[in-house]
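Take a look at the structure set out below.
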Amino acid sequence: MIRFGFDHYGDPTVLTALKAAVPLPKAGQVQLQVLGFGLNPYDASLRRGEQAAFRKLKWPIVPGTDVVGRVTALGAGVSAFALGDVVINYRPIGGYSEFVTASIGKLTKKPAALSLPEAAALPQVGLSAVTILQALALEPGQTLAVEGASGGVGALVVQLAKAQHLHVIATASARNADYLAQLGADEIGLYDQEDVGAKFKNQADATVNAVRGGQDYGAGPQLTRPGGTLLTTADAKPKTDGKCLELVQLGDRSQAKPEAAFPILTALAQAPGFSVRIAKALPFSVAGVQEGHRLLECHHPAGKLVVMTEASPE
Ligand SMILES: NC(=O)c1ccc[n+]([C@@H]2O[C@H](COP(=O)([O-])OP(=O)(O)OC[C@H]3O[C@@H](n4cnc5c(N)ncnc54)[C@H](OP(=O)(O)O)[C@@H]3O)[C@@H](O)[C@H]2O)c1
């Protein structure tokens, strides 16, 4: 089988096709024929070598945390899944492959309401969004501001927050204004057309910075009321502009376990109007994976990047 990975760090051209034996499931695992996989900023960070100090991995490194696939073999003791089931898998690494094996705790059946690209796009952004809402622990009726609400993580946070009856202020660029309304945002701030910090000054009980690259554009401290919470998806602590705020870095929190988060996400996926926007579905080829990584590193159209294999129906 083919998988895509790299044997040294660098730009997207380090990603190549690698041959490997089809993996066999151990007890408690299934084998999946991969129908598609999602790309995330973390994959590009791994490829650039930025995770090398935190995570020791053997070469070649095959990225990929998000997979949708068809069950093609069952390990001993597996009864919760059957041959032919189409499932979503969240995994530590290795999803850029034709076949993978996965423990059953890391799987959920694909809800019929999700297309295959949407299912491939969901796991990591979904788990991050669940982790964010759990870390904030807001009460129904409280106000949450989401900066970067048109992005993979931000759009999921908005939809989960609405499902929890929060009042949501969502910010993004004007090209995504309609999308923010479609997600159910109560109020919208367009950072390229207005001063969103001034428009919603001190209105949020909590603000999530889910801006591309976790950049600190400074609106969070203005949006958040004194004593409120500012949560960032970035590695660096956000500036508070001298305001008394509780600072939370997503990376410091234990990520929600797939076993706990998948039921929340699959229930949300069946709600009317639920959306996982796909920015681009790329082909399962070296060119497709390299292009996906180039797009990850630029200000690409709103939504998720996925690679769909030839095994996935049109
Ligand atoms: N993807 C994951 O699973 C994951 C998991 C954990 C943490 N994170 C982190 O979460 C952050 C967001 O990741 P993502 O995958 O959701 O990114 P993404 O899909 O690329 O979303 C980027 C968001 O940033 C907004 N944005 C871009 N430039 C901006 C600017 N100059 N000012 C204000 N907003 C701007 C975009 O809005 P417009 O396009 O409308 O301008 C969009 O809403 C990153 O720091 C990432 O490392 C991601």
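What do you reckon, is Asp178 more than 9 Å from the ligand (Cβ to nearest atom) and surrounded by fewer than 18 Cβ atoms within 10 Å (Cβ to Cβ)? Even if it seems obvious, please write down each step before you answer.
Values: more than 9 Å from the ligand (Cβ to nearest atom): yes; surrounded by fewer than 18 Cβ atoms within 10 Å (Cβ to Cβ): yes.
So Asp178 passes the test.
Restrict the check to the range 137-150 and report whether at least one residue is assigned to a helix (DSSP H, G or I), near the ligand (Cβ under 8 Å from one of its atoms) and modelled with pLDDT of 95 or more.
Going residue by residue through the range 137-150, those that are assigned to a helix (DSSP H, G or I) are none.
The answer is no, given that none of the residues of the range 137-150 is assigned to a helix (DSSP H, G or I), near the ligand (Cβ under 8 Å from one of its atoms) and modelled with pLDDT of 95 or more.
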Handout entry: Filter result for Val157 (open to solvent by less than 10 Å² (accessible area, probe 1.4 Å), touching a strand residue (DSSP E or B) at 6+ places or on another chain (Cβ under 9 Å), β-branched (Val, Ile, Thr) and within 15 Å of the ligand (Cβ to nearest atom))
Key = yes
Problem - Selection count where residues are in a helix (DSSP H, G or I), surrounded by 14 or more Cβ atoms within 10 Å (Cβ to Cβ) and either in contact (Cβ under 8 Å) with a residue 24 or more places away in the chain or over 19 Å from the mean Cα position of the chain (by Cα) (or both), scope the range 208-245 - result: 6
Practice task
Inspect all residues belonging to the range 299-311 and state whether any of them is over 21 Å from Leu156 (Cβ atoms) and open to solvent by less than 70 Å² (accessible area, probe 1.4 Å).
Solution key: yes
Handout entry: Residue selected from the range 86-121 under the condition in a strand (DSSP E or B) and among the aliphatic types (A, V, I, L, M), by the criterion most open to solvent (accessible area, probe 1.4 Å)
Key = Val86
Fill in the blank from the handout: So, first residue at positive phi in the range 263-292, second residue open to solvent by less than 60 Å² (accessible area, probe 1.4 Å) and of a type in the set (A, V, I, L, M), Cβ within less than 9 Å, six or more apart or across chains; the pairs are Gly273/Leu183
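The values are calculated or read from the model by the stated rules, or taken from the named source; none is laboratory data. The shown structure was predicted, so the numbers you read here are calculated from the model rather than taken from an experiment. Cβ: placed from backbone, ideal geometry, glycine included. Neighbour counts: every protein chain shown. When the accessible area is computed, the model is the full protein with side chains, heavy atoms only, and any ligands, DNA or RNA have been set aside. Shrake-Rupley method; radii C 1.70, N 1.55, O 1.52, S 1.80 Å.
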